[in-house]
Amino acid sequence: MSDAAIEHHSSHLPGELDLAGLTRPELAVALTGLGVPERSLSMRTSQLWHWLYHRGVTDLEAMSNVSKEMRTRLAGAARIGRPRLVTSQASADGTQKWLLELADGARVESVYIPQESRGTLCISSQVGCTLNCRFCHTGTQPLVRNLTAAEIVGQVLLARDQLGEWPTPTLERRLISNVVVMGMGEPLYNYDNVAQALAVIMDGDGISISRRRMTLSTAGVVPAMDRAGRELGVLLAVSLHAVSDDLRDELVPLNRKYPIKDLLAACRRYPGSSNARRITFEYVMLKGLNDSPADARALTRLIAGIPAKINLIPFNPWPGAPYECPDWPVIERFGEIVNRAGYASPIRLPRGRDIMAACGQLKSASQRAGRRPRPA
Ligand code: SAH
């Protein structure tokens, strides 16, 4: 959110300024607007930061080390909001999916995936998506806009509320240990807001999830990949899905702008990638299209020299989808070839399928709830 957006907020009725999701500089601006003098600004900002992001309070009155006078002033002008929880679904495998409604009525989804060694929260970066990947359900959703940084952070705050994970636990005890920006939208088409949100999520005095435990998933916006590598230092997942430009042009139309060669060059120069910090290539398995042994071998040749891991994602069907998922042995054979070439190639188990929480399915709930784009 820009400073202009904050001013806009502060001209609202008392209580309208939402502190949740603000970055440190935004919080300082907000406090200045509330009359906090320069000399105590840094101390006040840190105090509030701790309550917002370490303790996760939603009640200004709970901030016991903030003076009564300050709390009263805050209460008159600000609140600590959350996205509105519309539905919460739990899968038999422990996956949980939350459908959230934002201030303007737009809806996004977040998914929590518990695994043995970690718990991953998958968050959205846009309402809908402009990329129109042919196999992805989100791409068929008509309403599209960027999420604000606060709305991106809000997904983490709400997930922590839902899992009862406040105050921020030590790393070993965390339910949410990792965050992947792999939900609805293309994060690198919303670079500034995503970058701001990540800064809030990484901050060690708050939510405190380190950059090494955060992954941005992109369909391959090459210039923004370079920028992310320089500025964010998070892990990268790249949605490759095809080994020829012909097929990738069709599956991921963004390929016409940034073809495979350019995309892989960006991966090769992504800073800090090493065997300990590998790039994940996502590869959706589509029956008869990209699942042959020859495709697998071509894939290993393409990525040769890149410290990489290949995530094989069995295609998750959705109503009316033009593709099918290959049979399991076909996926396994593909994985073996990639594996023998020296790349880890886990097959991503279809988690949360019973609640349509799997990759590329994040759309259905809002659609079922009957949302239509509003006339401008
Ligand atoms: N725009 C980003 C992040 C969102 S998509 C990106 O493209 O990476 C997250 C992942 O789910 C991508 O790899 C995407 O290609 C994959 N995906 C989308 N629809 C899918 C489906 N129906 N089945 C399996 N994977 C899918």
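Laid out as a table, the results:
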quantity: Dipole magnitude of region 277-320, debye to nearest 20 (Cβ charges: Lys/Arg +1, Asp/Glu -1, about Cα centre); calculated: 220 debye
quantity: Nearby aspartates and glutamates by direct alpha-carbon distance to Lys97 (threshold 17 angstrom, same-chain neighbours under 8 apart not counted); calculated: Glu109, Glu151, Asp161, Glu165, Asp354
quantity: Within the chain: Cβ-based charge dipole about Cα centre, in debye rounded to nearest 20 (Lys, Arg +1; Asp, Glu -1); calculated: 400 debye
quantity: Positive minus negative residues near Leu247 (Lys, Arg vs Asp, Glu; Cβ under 12 Å); calculated: -4
quantity: Degrees separating the helix 68-77 axis from the principal Cα axis of the chain, which is the longest one; calculated: 60 degrees
quantity: Angle between the chain longest axis and helix 38-49 axis [Cα atoms, degrees, rounded to 10]; calculated: 50 degrees
quantity: Antiparallel bridge percentage (DSSP; both residues within the chain; nearest 5); calculated: 40 percent
quantity: Cα-based equivalent ellipsoid of region 227-334: semi-axis lengths in Å, sorted from largest, via gyration tensor; calculated: 25, 15, 13
quantity: Value in Å of the Kirkwood radius, where the chain supplies the Cα pairs that are averaged; calculated: 21.7 Å
quantity: Residues of type aspartates and glutamates that Lys261 reaches as a straight line, Cα spacing below 14 Å, ignoring anything fewer than 8 places off in the same chain; calculated: Asp245, Asp246, Asp249
quantity: For Ile313, residues with placed amide H under 5 Å, excluding near neighbours; calculated: Tyr283, Val284, Met285, Arg348
quantity: Placed amide H near Arg79: partners under 5 Å, 5+ positions off or other chain; calculated: Leu17, Asp18, Leu19
quantity: Per-residue HN-Hα couplings for region 245-251 [Karplus 6.51, -1.76, 1.60; θ = phi - 60°; Hz; x = Gly/Pro]; calculated: 5, 3, 6, 5, 4, 7, 6
quantity: Ordering of 182-192, 292-302 by packing [mean C-beta count within 10 Å, highest first]; calculated: 182-192, 292-302
quantity: Two-site label geometry, Asn65 and Lys257: point separation in nm, points 7 Å out along Cα→Cβ; calculated: 4.6 nm
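Bear in mind that the values in this text are calculations on the coordinates, not laboratory data. Treat the numbers as computed from the prediction; the structure is a model and nothing was measured. Because the Cβ atoms are built from the backbone with ideal geometry, glycine has one as well, and the counts that use them run over all protein chains shown.
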